[in-house]
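**Q** I'd like to ask you about the structure that follows.
The values are calculated or read from the model by the stated rules, or taken from the named source; none is laboratory data. Quick caveat, the model's predicted, so the values are computed rather than measured. Methodologically, a virtual Cβ is constructed for each residue, glycine included, from the backbone with ideal geometry; neighbour enumeration extends over all protein chains shown.
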């Protein structure tokens, strides 16, 4: 690839990365506000959370940049992206509902007989792996082989970040509350991602 092509690719990717980082921060703030009002305040995680959400947002933004040309025009682009996120997490949600819950919402602890190895195994096999595979398949189907590994990484990050409670709360009374919280994060961060990217792209 020539130097000119490299510069062109970088100029195209930069707005998506910045938009992703901003959307990640927005999603974290939505999470903290709802958690404060509905569950309990956990603002102490804000400083490290912003760093983590920013890095995770870069991966999501990168994937958005790869698929953006295959998505419908705004405002339907918002709906399409939310649907892609839901599709990425859907297998994990289904597995969580079919399997015994890992977390006891009444005690705030892991269920009796559930050790850390079980938690790690189920997180990997029932959350991270399915999300990464579905993300990769979506990317490959919409934009080819290069997009597949980028969207696979985004699926992994999406599951590890906003989706981390799926296997913990699946099959419990807290699952509905967790789903509403997750949906709120996804909808707000999607709006921020799409609109920020559109504005930055116009400036470019």
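**Q** Which residue, of 154, 101, is touching a residue at least 24 places away in the same chain (Cβ under 8 Å) and part of a helix (DSSP H, G or I)?
**A** That would be 154, the only listed residue that is touching a residue at least 24 places away in the same chain (Cβ under 8 Å) and part of a helix (DSSP H, G or I).
**Q** Next question, about the same structure. Being closer than 24 Å to residue 14 by Cα and modelled with pLDDT under 95: is that true of residue 201 here?
**A** Judged against the criteria, residue 201 is a match.
Per-residue answers, yes or no, for (1) surrounded by 21 or more Cβ atoms within 10 Å (Cβ to Cβ); (2) modelled with pLDDT under 95:
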position	(1), (2)
85	yes, no
89	yes, no
95	no, yes
133	no, no
141	no, no
189	yes, no
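**Q** Just to be sure I understand, how many residues within region 1-53 are modelled with pLDDT under 90 and in a helix (DSSP H, G or I)?
**A** Residues meeting the conditions: 12.
**Q** Now for a different question. Just one of the numbered conditions (1) farther than 17 Å from residue 181 by Cβ; (2) in a loop (DSSP other than H, G, I, E, B); (3) touching a helix residue (DSSP H, G or I) at 6+ places or on another chain (Cβ under 9 Å) is not true of residue 67; which one?
**A** (2)
**Q** For residue 119, only one of the following conditions fails: (1) buried (at least 20 other Cβ atoms within 10 Å of the Cβ); (2) touching a strand residue (DSSP E or B) at 6+ places or on another chain (Cβ under 8 Å). What is its number?
**A** Unmet condition: (1).
**Q** Restricting the search to region 159-186, which residues are in a helix (DSSP H, G or I) and out of contact with any helix residue (DSSP H, G or I) (no Cβ under 6 Å at 6 or more places or on another chain)?
**A** Hits for region 159-186 are 160, 168, 174, 176, 177, 179, 180, 182, 183.
**Q** Within region 58-75, how many residues are crowded, with 16+ Cβ neighbours inside 10 Å and in contact (Cβ under 8 Å) with a residue 60 or more places away in the chain?
**A** Result for region 58-75: 10.
**Q** Then there's this: Could you run through region 151-182 and say how many residues are modelled with pLDDT of 95 or more and farther than 19 Å from residue 52 by Cβ?
**A** Final tally of qualifying residues: 2.
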